[in-house]
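*Asks:* Could you have a look at this structure, given as structure tokens, before my questions?
The values are calculated or read from the model by the stated rules, or taken from the named source; none is laboratory data. Note that the structure is predicted; figures quoted are calculated from it, not measured. Neighbour counts run over all protein chains shown; Cβ positions are idealised from the backbone, glycine included.
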Ligand code: NAP
Ligand code: FE
């Protein structure tokens with residue numbers, strides 16, 4: 001029953017969390033660098049609330065609003081330079097996983113002028129990153145509570161994460177009302193991501209009593225919302241939004257302790273090459289994960305079905321319908337090229353999968369699901 005647990009993020013939650021806690025910002029300095037995507041920060045209402053809170057505290061700000069989905073190291077580097085040159089003391093990221101993950105990287109670049117974009121993966125630098133505060137607008141990644149930042153190398157187009165104690169936010173403002181402006185499709189994809197984090201964590205070899213507390217809370221909560229999204233095919237009401245958002249944070253706590261399994265790196269291939277949004281890309285492998293779970297961890301799978309109060313076929317049906325992948329066709333050459341990244345490196349996601357997971361398993365699954373011949 002022994003466990004190690006590290007979750008250093010202060011969480012301010014509930015409606016109006018930014019306005020109610022505006023004094024928190026003043027602890028971090030006088031100049032704030034705000035990081036956003038194209039328009040979700042404004043659409044969600046979070047940007048206006050933040051600007052009002054900063055004004056109230058006499059904090060000036062500069063905004064970098066060029067973070068794209070699957071954030072590029074090159075953009076993060078550019079924002080880091082901008083913030084450094086403008087004397088930014090701390091960073092507030094607003095958005096889905098992309099701007100939130102980008103904020104963590106920007107904090108590192110801003111404090112370390114000598115870093116070239118690619119150097120961030122070496123994880124070697126001399127100065128402590130700037131402090132980061134986060135405001136989520138999607139209910140998926142759980143990036144608010146994880147020490148993980150998933151970045152894309154613009155010159156190769158490949159996604160790769162960095163993680164560690166220096167990748168945690170200092171505080172987050174968790175207000176699910178900011179997720180209400182998400183369109184149906186983004187809501188579905190991010191919900192599938194959160195559900196994948198909880199289920200992958202559940203099957204991880206790192207699963208233990210502490211993440212179990214969060215997983216057993218997240219899994220039924222998210223499943224109830226997924227079923228509703230699938231059957232009603234319409235935007236959820238505020239109470240479902242709240243469940244999805246807190247569910248995504250609980251699932252983030254699971255990810256933090258257990259990591260993710262093979263669906264995540266395989267999902268990256270679908271995102272990089274076929275522009276499938278992250279959550280749907282990972283959920284595309286849920287059936288294969290459960291099949292592996294059934295083979296090597298039958299008791300756990302039985303317990304999972306009890307938690308969900310469903311059957312495997314019902315689970316596959318709902319997840320597949322929500323994932324709704326377009327037709328993807330991969331030649332043997334493409335599959336072998338996609339999988340070459342695992343020639344010499346076996347990622348933790350593979351090692352933590354029940355009975356281990358190999359490059360040959362990835363090839364087999366791609367062929368089975370998407371093989372052109
Ligand atoms: P996202 O890429 O941040 O955003 C997806 C789309 O949704 C964007 O067009 C965004 O618009 C829009 N959007 C976001 N919030 C909205 C709102 N409230 N109203 C209207 N539109 C909104 O989506 P995400 O799924 O949250 O993040 C995915 C990224 O996180 C991937 O790179 C993934 O690899 C990573 N990830 C990280 C972790 C972690 O632990 N750190 C875990 C899993 C995944 P804008 O462009 O205007 O913002
Ligand atoms: Fe994810």
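*Asks:* Would the range 185-202 turn up any residue that is more than 16 Å from ligand 2 (Cβ to nearest atom), modelled with pLDDT of 95 or more and either within 16 Å of residue 278 (Cα to Cα) or buried (at least 24 other Cβ atoms within 10 Å of the Cβ) (or both)?
*Replies:* yes
*Asks:* Answer with yes or no whether residue 293 is surrounded by 15 or more Cβ atoms within 10 Å (Cβ to Cβ) and within 13 Å of ligand 2 (Cβ to nearest atom). Don't jump to the end; show me each part of the working.
*Replies:* Numbers: surrounded by 15 or more Cβ atoms within 10 Å (Cβ to Cβ): yes; within 13 Å of ligand 2 (Cβ to nearest atom): no.
Spelling it out, it is not the case that residue 293 is surrounded by 15 or more Cβ atoms within 10 Å (Cβ to Cβ) and within 13 Å of ligand 2 (Cβ to nearest atom).
*Asks:* If you take the residues of the range 34-84 that are within 27 Å of residue 277 (Cβ to Cβ) and more than 16 Å from ligand 1 (Cβ to nearest atom), which of them is surrounded by the fewest Cβ atoms within 10 Å (Cβ to Cβ)?
*Replies:* Top of the filtered list is 78.
Here's the yes/no breakdown for (1) outside any strand (DSSP E or B); (2) away from ligand 2 (no atom under 16 Å from the Cβ); (3) without any contact (Cβ under 8 Å) to a residue 12 or more places away in the chain:
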position	(1), (2), (3)
2	yes, yes, yes
7	yes, yes, no
12	no, yes, no
33	no, yes, no
37	yes, yes, no
49	yes, yes, no
54	yes, yes, no
61	no, yes, no
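*Asks:* Still on this structure: Does residue 204 count as more than 10 Å from ligand 1 (Cβ to nearest atom) and more than 15 Å from the chain's Cα centre (by Cα)?
*Replies:* On the way: more than 10 Å from ligand 1 (Cβ to nearest atom): yes; more than 15 Å from the chain's Cα centre (by Cα): yes.
Yes; evaluated as a whole, the condition is true for this residue.
*Asks:* In this structure, is residue 118 modelled with pLDDT of 95 or more, within 14 Å of ligand 1 (Cβ to nearest atom) and touching a helix residue (DSSP H, G or I) at 6+ places or on another chain (Cβ under 8 Å)?
*Replies:* So residue 118 does not fit the description; no.
*Asks:* Further question: From 142, 136, 97, grab the single residue that is on the phi > 0 side of the Ramachandran plot and buried (at least 20 other Cβ atoms within 10 Å of the Cβ).
*Replies:* Just one listed residue meets the conditions, 142.
*Asks:* Output the strands (runs of 3 or more DSSP E) that fall wholly within the range 133-177 and possess 1 or more residues being within 10 Å of ligand 1 (Cβ to nearest atom), more than 29 Å from residue 14 (Cβ to Cβ) and touching a residue at least 24 places away in the same chain (Cβ under 8 Å), or say none.
*Replies:* 148-153, 158-163
*Asks:* Taking the range 100-129 on its own, how many of its residues are surrounded by 13 or more Cβ atoms within 10 Å (Cβ to Cβ) and part of a helix (DSSP H, G or I)?
*Replies:* 17
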